[in-house]
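Contents: one structure, followed by commentary.
The values are calculated or read from the model by the stated rules, or taken from the named source; none is laboratory data. This is a predicted model, so every value here is computed, not measured. Here Cβ is always computed from backbone atoms with ideal geometry, including for glycine, and neighbour counts include all displayed protein chains.
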Amino acid sequence: MSSKALDQFLNENLNDLKERGLYNEIDPVGTPNGPVIKINGKELINLSSNNYLGLATNPRMKEKAVEAVKEWGVGAGAVRTINGTLELHTRLEEKIAEFKATEAAVAFQSGFNCNMGAISAVMNKNDAILSDELNHASIIDGCRLSKAKIIRFNHSDMDDLRQKAKEAKESGQYQKIMVITDGVFSMDGDVAKLPEIVEIAEEFDLITYVDDAHGSGVLGKGAGTVKHFGLSDRVDMQMGTLSKAIGVVGGYVAGKQNLIDWLKVAARPFLFSTALTPADVTACTEAITILMESTELHDKLWENGNYLKQGLKSIGFDIGNSETPITPVIIGEEKATQTFSKRLYEEGVYAKSIVFPTVPRGTGRVRNMPTAAHTKEMLDNAISIYEKVGKEMGII
Ligand code: PMP
């Protein structure tokens, strides 16, 4: 017999979400997650994936992953610290360190558990963390898990950060203080002010932690936000994910050797959760090899991003202030934003609406993630569908 209390909790909460129109129905995608996908047999131009460089279906990576499965099997067989560290994992970590221009790197099973594990391995209840108010959920959870005092600063507000860093330092209450930020903020596509953050950090002896989930493969000719600003030897912890531009799955931290040595003995997902599979790590190593060989995919991503932005802007949409290929189309009111996205879907474009509480009330947007794999024709089609729906709804 099932628990009555659980049933009551589940039914009440599910009904509440459904009544408020916030219950997210998931439609499985019936094709690889490329620039065009099919959902329930319907063909859609895909502007909602994080597969920035199109690597999720890259032929070289697929071939390497298949070879790895044949040679090494489908599972790593253990957690990293028992005997789940295959030579394949070490190879990937060396490659990440080379790519990021750091002494060493360590890979985790996802970006999310990497943030949970790495933040809580370094910070504890005697410490404080200065966290940008728009940081990703996995950063927030990692900070909470650490039990450090969390001090939020206004989004990319360097005066606020400096003031809070000064107060925290001068209070003498904390053994260590960290400043943590996304490199690229995925809701608006804006870039963290890393040169100023690093200066403040150096003034007040803050540990610097950059989550570059959306910057890797995109900025710094592919090497990320830290490299973009030429700060590779001035940021302590460069975190990233292998699931977005790299196209596979996993997360990592790159930094000095002593940091990586510590994470390998203290980060709990590394110690207690089974290692990434042979296929995953081999495909990721190949992805980084591809990015280090040529900037072709990176350049194509930017060309497509600029093309889409220009196209949407020229027909009258408000596309915000993105500094990266991420292209939000600001609609405003929540319901209108959801209807807009639904109409795009009906017309053949998959672009998700993002509304309160993910973004402030009244700033609902449809977020577009163009990739290197889109053709001009696909983008032109998407732009004309945007124009049709925008005119129909009186937005342009
Ligand atoms: N950090 C940021 C900024 C992200 O956007 C995401 C993914 N949404 C993650 C971490 C988590 O990465 P992963 O999907 O690899 O778990």
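Yes or no: the stretch 142-160 includes at least one residue that is within 11 Å of the ligand (Cβ to nearest atom), surrounded by 15 or more Cβ atoms within 10 Å (Cβ to Cβ) and part of a helix (DSSP H, G or I).
First pass over the stretch 142-160, keeping only residues within 11 Å of the ligand (Cβ to nearest atom): 142.
If we keep only those that are surrounded by 15 or more Cβ atoms within 10 Å (Cβ to Cβ) as well, we get 142.
If we keep only those that are part of a helix (DSSP H, G or I) as well, we get 142.
Yes, the stretch 142-160 contains a residue that is within 11 Å of the ligand (Cβ to nearest atom), surrounded by 15 or more Cβ atoms within 10 Å (Cβ to Cβ) and part of a helix (DSSP H, G or I).
If you filter the stretch 193-238 down to residues that are part of a loop (DSSP other than H, G, I, E, B) and either aromatic (Phe, Trp, Tyr) or within 11 Å of the ligand (Cβ to nearest atom) (or both), you find that the one that is nearest to Asn368 (Cα to Cα) is His214. Here Val74 fulfils each of the conditions (1) part of a helix (DSSP H, G or I); (2) away from the ligand (no atom under 16 Å from the Cβ); (3) among the β-branched types (Val, Ile, Thr) apart from (1). Only a single criterion out of (1) over 22 Å from Ala266 (Cα atoms); (2) surrounded by 15 or more Cβ atoms within 10 Å (Cβ to Cβ); (3) under 22 Å from the mean Cα position of the chain (by Cα); (4) among the β-branched types (Val, Ile, Thr) is not satisfied by Ile26, namely (2).
Residues in the stretch 232-286 that are farther than 19 Å from Ser120 by Cβ and of a type in the set (S, T, N, Q): Ser232, Ser243, Gln257, Thr274, Thr277, Thr282, Thr285.
Any residue in the stretch 79-101 that is in contact with a Leu (Cβ under 6 Å, 6 or more places away or on another chain) and on the phi < 0 side of the Ramachandran plot? Among the residues of the stretch 79-101, at least one is in contact with a Leu (Cβ under 6 Å, 6 or more places away or on another chain) and on the phi < 0 side of the Ramachandran plot, which makes the answer yes. Condition (residue is modelled with pLDDT of 95 or more, away from the ligand (no atom under 12 Å from the Cβ) and surrounded by fewer than 24 Cβ atoms within 10 Å (Cβ to Cβ)) applied to the stretch 239-255: is it met by at least one residue? No, the conditions are met nowhere in the stretch 239-255.
Among all positions in the stretch 285-295, there is at least one residue which is among the small types (Gly, Ala, Ser), part of a loop (DSSP other than H, G, I, E, B) and free of Cβ contacts under 8 Å to residues at least 24 places away in the same chain.
Kindly indicate the residue of the stretch 161-191 that is small (Gly, Ala, Ser) and within 16 Å of the ligand (Cβ to nearest atom) and also surrounded by the fewest Cβ atoms within 10 Å (Cβ to Cβ) among those meeting that condition. Walk me through how you get there before you give the answer.
Within the stretch 161-191, the first condition is being small (Gly, Ala, Ser), and the residues that meet it are 165, 168, 171-172, 183, 186, 189.
Of the ones still in play, those that are also within 16 Å of the ligand (Cβ to nearest atom) are 183, 186, 189.
Working: Gly183: 27, Ser186: 20, Gly189: 24.
Here the residue is Ser186.
Taken over the stretch 96-105, the residue count meeting the criterion of being assigned to a helix (DSSP H, G or I) and either outside the structural domain of Lys169 (by the TED database) or surrounded by 21 or more Cβ atoms within 10 Å (Cβ to Cβ) (or both) is 3. For Asn321, the conditions (1) polar (S, T, N, Q); (2) free of Cβ contacts under 8 Å to residues at least 24 places away in the same chain; (3) not in a helix (DSSP H, G or I) are fulfilled apart from (2). Screening the stretch 106-141 for residues that are in a strand (DSSP E or B) and more than 15 Å from the ligand (Cβ to nearest atom) and picking the one that is surrounded by the fewest Cβ atoms within 10 Å (Cβ to Cβ) gives Ala128. Per the conditions (1) surrounded by fewer than 20 Cβ atoms within 10 Å (Cβ to Cβ); (2) in contact with a Pro (Cβ under 8 Å, 6 or more places away or on another chain), the sole criterion not satisfied by Ala266 is (2).
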